[in-house]
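K.L.:
Take a look at the following structure, please.
The values are calculated or read from the model by the stated rules, or taken from the named source; none is laboratory data. Only a predicted model underlies this, so the values are computations on that prediction, with no experimental measurement involved. Note that each Cβ is placed from the backbone with ideal geometry, even for glycine, and that neighbours are counted across all protein chains shown.
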Amino acid sequence: MFTLNCKGSLFTIDQPQIMGIINATPDSFYSGSRTSSIDLAVEMAAKMISEGARILDIGGQSTRPNASIIGEEEELSRVLPVIKAIHSAFPSTYLSIDSYYPSVVIEAVNAGASLVNDVSGGRFYTNMLSIVAALKVPYICMHSTGDIKNMHDKKEFKNITLELVNYFIERIEACNKAGIIDIIIDPGFGFGKTIANNFKLLKELSALQILNKPLLLGVSRKSTIYTTIATTAEESLNGTTVLNTIGLMNKASILRVHDVKEASEAIKLVNSVQGFGN
């Protein structure tokens, strides 16, 4: 069991939890996660919460390969109205800001977000970790390589799991030195990793338990799935559920997904197999 202090509210992870994805951006790789208005974002949030999401991850910049990089001001203009509206409508739901810009993180947390989700693991901006520490919110530290422009360039890993263990040992130490108390680790499926890397990492996911941190699994509708089964992101829900199930069997603590209902069903079934069902 893990506990996270989300701005004074204790978030207990005693079984796998769901993070729903809400993209305040027109160029997310999966069209079903895009929101074209604040009202639509609130409507999507209501649906995800009713289906079992306890965290909603809100981002204003696509991190898919070859996506255009937008600046801090434009990202703020996208995410802040959505965060404010969802926080006002659902104040007991935990909101996460998906950004690698420290300035966006500050404004988002002040607007109602209570977790920070950073694809850079604090590497792109040297003040990110100290800012998160000062905000006193949990930090989702993702594994990635390279910089903002080349983080999707594929890298050769001799031992992908060992690489991630060593990376997270170093990043957790950096987080601790900065003063961050609550850390969630995200293996970063798809970021600079080949399809073979992703499958090997999923198979060996439970090895990351050695780090004693909640483990976030983000494979929802990603190219590893739809390339392998020769389909599209729009048609890869079944593949997503399969990989989420494997991840749950290998000790994933949080599923970051576009499709909350199916993820909730997967958790219930895996819990029943493992003896935790009602």
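K.L.:
Name the residue, out of Ile106, Ile49, Ile58, that is buried (at least 21 other Cβ atoms within 10 Å of the Cβ), β-branched (Val, Ile, Thr) and not in a loop (DSSP other than H, G, I, E, B).
P.N.:
Criteria check complete, one pass: Ile58.
K.L.:
Any residue at all in segment 234-243 that is small (Gly, Ala, Ser), farther than 21 Å from Arg123 by Cβ, buried (at least 22 other Cβ atoms within 10 Å of the Cβ) and without any contact (Cβ under 8 Å) to a residue 40 or more places away in the chain?
P.N.:
Yes - at least one qualifying residue is present in segment 234-243.
K.L.:
OK, next. Just to check your reading of the model, which residue among Ser223, Ser236, Ser206 is of a type in the set (S, T, N, Q) and in contact with a helix residue (DSSP H, G or I) (Cβ under 7 Å, 6 or more places away or on another chain)?
P.N.:
Ser236
K.L.:
If you don't mind, another one. Might you check whether a residue that is crowded, with 22+ Cβ neighbours inside 10 Å, in a loop (DSSP other than H, G, I, E, B) and either among the β-branched types (Val, Ile, Thr) or modelled with pLDDT of 95 or more (or both) occurs anywhere in segment 148-156?
P.N.:
No - not one qualifying residue is present in segment 148-156.
K.L.:
Same structure, new question: In segment 174-188, how many are of a type outside the set (S, T, N, Q) and either over 12 Å from the mean Cα position of the chain (by Cα) or modelled with pLDDT under 95 (or both)?
P.N.:
Count: 9.
K.L.:
Could I ask something else about it? Name the single residue that is surrounded by the most Cβ atoms within 10 Å (Cβ to Cβ) among those in segment 249-272 being at negative phi and basic (Lys, Arg).
P.N.:
Arg256
K.L.:
Restricting attention to segment 123-146, which residues are assigned to a strand (DSSP E or B) and either over 25 Å from Gly190 (Cβ atoms) or in contact with a Lys or Arg (Cβ under 6 Å, 6 or more places away or on another chain) (or both)?
P.N.:
Result: Cys141, single match.
K.L.:
Also: Does Ser223 count as small (Gly, Ala, Ser), surrounded by 24 or more Cβ atoms within 10 Å (Cβ to Cβ) and over 25 Å from Thr12 (Cβ atoms)?
P.N.:
It is false that Ser223 is small (Gly, Ala, Ser), surrounded by 24 or more Cβ atoms within 10 Å (Cβ to Cβ) and over 25 Å from Thr12 (Cβ atoms).
K.L.:
If you take the residues of segment 101-128 that are polar (S, T, N, Q) and touching a helix residue (DSSP H, G or I) at 6+ places or on another chain (Cβ under 6 Å), which of them is farthest from Ser62 (Cα to Cα)?
P.N.:
Applying the filter and picking the extreme gives Asn127.
K.L.:
Next question, about the same structure. What's the number of the only condition in (1) assigned to a helix (DSSP H, G or I); (2) over 18 Å from the mean Cα position of the chain (by Cα); (3) not basic (Lys, Arg) that Thr231 fails to meet?
P.N.:
Among (1) assigned to a helix (DSSP H, G or I); (2) over 18 Å from the mean Cα position of the chain (by Cα); (3) not basic (Lys, Arg), the lone unmet condition for Thr231 is (1).
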